[in-house]
Amino acid sequence: MYGLNEIGIEKDYNKAFKLFKQSAEGGYSGGIMMLGYCYNNGIGTKINKQKAFELYQNAAILGDDTAQFNLALMYEEGDGITKDIGKAIYWYEKSAKQGDQDAQIKLKNLKKINNL
């Protein structure tokens, strides 16, 4: 896939961004999540935390567990948005229920730190 460092394939972040954008425009939650990732990390575009947040939120609502995790992380760290531990826990729980092991670990640690 473009930009994901496959052996024998040259990275093309601009092409990856365009393809993720097309996928997102088609309503595919994975494409929406990856487009958010591009905006969050400046892949094929300039960093735009607000746009990343909006895209992660849209994909999270559609049930994408990675978007749910990334959205929770933004809430936990206050990365481009107002820090909100309650919302972080909510989205980590959603992702964890779908089997995301990173979300399960984050959720456990966050609850322990906050005595929940």
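Observations, loosely collected:
- Highest-first packing order for the peptide set 58-70, 35-47, 95-107 is 58-70, 35-47, 95-107, based on the mean count of other beta carbon atoms within 10 Å.
- Only the Cβ atoms of Lys and Arg (+1) and of Asp and Glu (-1) were treated as charged; on that basis the dipole of the chain about its Cα centre amounts to roughly 240 debye.
- Segment TYR90-ASN114, length gained on full extension (0.36 nm per residue, minus Cα span): 7.3 nm
- Pairs beyond 32 Å (Cα-Cα), from LYS15/LYS108; LYS21/LYS112; LYS21/LYS94; LYS11/LYS111; LYS15/LYS112; LYS21/LYS87: LYS15/LYS108; LYS21/LYS112; LYS11/LYS111; LYS15/LYS112
- Dividing the summed helix terms, -39500 (n - 2.57) for each DSSP H run of n ≥ 4, by the number of residues in the chain produces a 222 nm estimate of -21500 deg cm²/dmol to the nearest 500.
- Whole-angstrom Cα spans of the chain along principal axes, big to small: 47, 27, 23
- Residues PHE53, PHE20, arranged from fewest to most other Cβ atoms within 10 angstrom of their Cβ, appear as PHE53, PHE20.
No value in this document is a laboratory result; all are computed from the given coordinates. As the structure is a prediction and not an experimental result, all values here were calculated from the model. For neighbour counting, all protein chains shown are included, and Cβ atoms are generated from backbone atoms with ideal geometry for every residue, glycine included.
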